[in-house]
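See below for the structure under consideration.
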Amino acid sequence: MAKKIKVYVEPNETVSECLDRINEMGYRPIRRIEKPVFEQTGAKDEPVHSHQSILFECVSKEA
């Protein structure tokens, strides 16, 4: 088992569901990273904030 993994919150998943999934895999989160995701609506339009990308860095519960 890897000692450290990165897990993204899937598009149609809540943060709570992601944390449950991490727990079932035998890991525990140690860090949460949020980054904005932008989309360009047209050829010359400014980028528009679409959503937040959430990433958890996790370590094994056995470590």
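The values are calculated or read from the model by the stated rules, or taken from the named source; none is laboratory data. Keep in mind it's a predicted model, so treat the numbers as computed, not measured. FYI the Cβ positions are ideal-geometry reconstructions off the backbone, even for glycines, and counts take in every protein chain you see. SASA here: full protein model, heavy atoms, side chains in, ligands and nucleic acids out. Shrake-Rupley method; radii C 1.70, N 1.55, O 1.52, S 1.80 Å.
Tabulated data
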{"quantity": "Heavy-atom accessible area order for Tyr27, Tyr8, largest first, 1.4 Å probe", "calculated": "Tyr8, Tyr27"}
{"quantity": "³J(HN,Hα), Karplus 6.51/-1.76/1.60, whole Hz, each residue of region 27-37, x for Gly, Pro", "calculated": "10, 9, x, 10, 7, 10, 10, 10, 10, x, 10"}
{"quantity": "Interchain or long-range residues, amide H under 5 Å from Tyr27's placed H", "calculated": "Lys61"}
{"quantity": "With all protein chains modelled, accessible area of Ile30 [1.4 Å, Å²]", "calculated": "90 Å²"}
{"quantity": "In Hz, Karplus ³J(HN,Hα) per residue of region 46-59 (6.51, -1.76, 1.60; θ = phi - 60°; x = Gly, Pro)", "calculated": "6, x, 10, 4, 9, 6, 9, 9, 10, 10, 10, 8, 10, 10"}
{"quantity": "Over the chain: Rg over Rh, Cα atoms, Kirkwood Rh", "calculated": "1.15"}
{"quantity": "Whole-number accessible area per residue in Å² for the chain, which is evaluated in the context of all protein chains at 1.4 Å", "calculated": "78 Å²"}
{"quantity": "Residue-averaged 222 nm ellipticity for the chain, from DSSP H runs of 4+ at -39500 (n - 2.57), nearest 500", "calculated": "-4500 deg cm²/dmol"}
{"quantity": "Tilt relative to the chain, helix 15-24 - C-alpha long axis, 0 to 90 degrees, to 10", "calculated": "30 degrees"}
{"quantity": "Heavy-atom accessible surface of the chain: percent carbon and sulfur, 1.4 Å", "calculated": "50 percent"}
{"quantity": "Cβ-placed point charges (K, R +1; D, E -1), dipole of the chain about Cα centre in debye, nearest 20", "calculated": "440 debye"}
{"quantity": "30 Å Cα-Cα reach of Lys44 towards lysines, excluding residues that sit fewer than 8 places from it in its own chain", "calculated": "Lys35"}
